[in-house]
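Colleague: Next up is a structure, given as structure tokens.
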Amino acid sequence: MLDAVIIRPYRDTDAEGIANLYRRFNYGPTGYPLSTEDFQRMLLERGAKLFLVAEFQEQSTIVGTMGFFSISGQKMIQPNEIFASNFFIHPEFRKSRIPGQLFTKTIEMLVDLGIEVISTEVDPTDTAALGLYKRVGLYRTQACPLDYDGYLELRSYLPYVIRTLKE
């Protein structure tokens, strides 16, 4: 089944499938059904730099996403930093290699874009998300307290490490 999933860059024609996936599993703003237009607007408003999808080829169905933005819901990023968001995997695929594949594929692309730090925010009570983020190398540092909404900031310096090793 995993061989039938490919990781690829977002295409405009993916917006409807992504909105459907998010609505189906109540991902996103609570009580607010995300439309295709809402998703496309979010990409523009948050300054999407890179957005990948995991597609189950047998059904041409999107089963995962991961986006990188210049703006989070709370703050602007620093130079050479990117904000990871929309890291969502269909529940049937969460324990597979797909989360790691999405993150691994993006690391090389982010290094090529000159990114050194990846940041994200997570609800500290969401143990499933914390475990997933830890699996892909995002950790809490001393410089990352809870924000005023109670979210925890996680960071990865993996792009910096890889770029340094390449040089």
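Colleague: With the other protein chains left in place, how much accessible area per residue, in square angstrom, belongs to the chain at a 1.4 angstrom probe?
Modeller: With the other protein chains kept in place, the chain gives 56 Å² per residue.
Colleague: Below 8 Å between Cα atoms, with a sequence gap of 6+, how large is the relative contact order for the chain in percent?
Modeller: 18 percent
Colleague: In the chain, carbon and sulfur make up what percent of the accessible area (probe 1.4 Å)?
Modeller: Heavy-atom surface of the chain belonging to carbon and sulfur, 1.4 Å probe: 52 percent.
Colleague: Report the FRET efficiency, 1/(1 + (r/R0)^6), for Thr125 and Tyr27, where r is their Cβ-Cβ distance and R0 is 22 Å, rounded to 0.05.
Modeller: Taking R0 as 22 Å, the efficiency between Thr125 and Tyr27 is 0.85.
Colleague: Please state the equivalent ellipsoid semi-axes for segment 98-137: what are the square roots of 5 times the Cα gyration tensor eigenvalues, largest first, in whole Å?
Modeller: Semi-axes, largest first: 22, 12, 6 Å.
Colleague: Can you work out the Karplus-derived ³J(HN,Hα) for every residue in segment 118-131? Use 6.51 cos²θ - 1.76 cosθ + 1.60 with θ = phi - 60°, whole Hz, and x for glycine or proline.
Modeller: 10, 10, 8, 10, 8, 5, x, 8, 8, 5, 5, 5, 4, x
Colleague: Also, I was wondering about something else. Number of Lys pairs in segment 71-167 with C-alpha atoms less than 18 angstrom apart, excluding same-chain neighbours closer than eight positions?
Modeller: Counting lysine pairs in segment 71-167 gives 4.
The values are calculated or read from the model by the stated rules, or taken from the named source; none is laboratory data. This structure is a prediction, so every number in the text was calculated from the model and none was measured. Every residue, glycine among them, receives a Cβ derived from its backbone with ideal geometry; neighbour counts consider all protein chains shown. Accessible surface areas use protein heavy atoms only, side chains included; no ligands, DNA or RNA. Shrake-Rupley method; radii C 1.70, N 1.55, O 1.52, S 1.80 Å.
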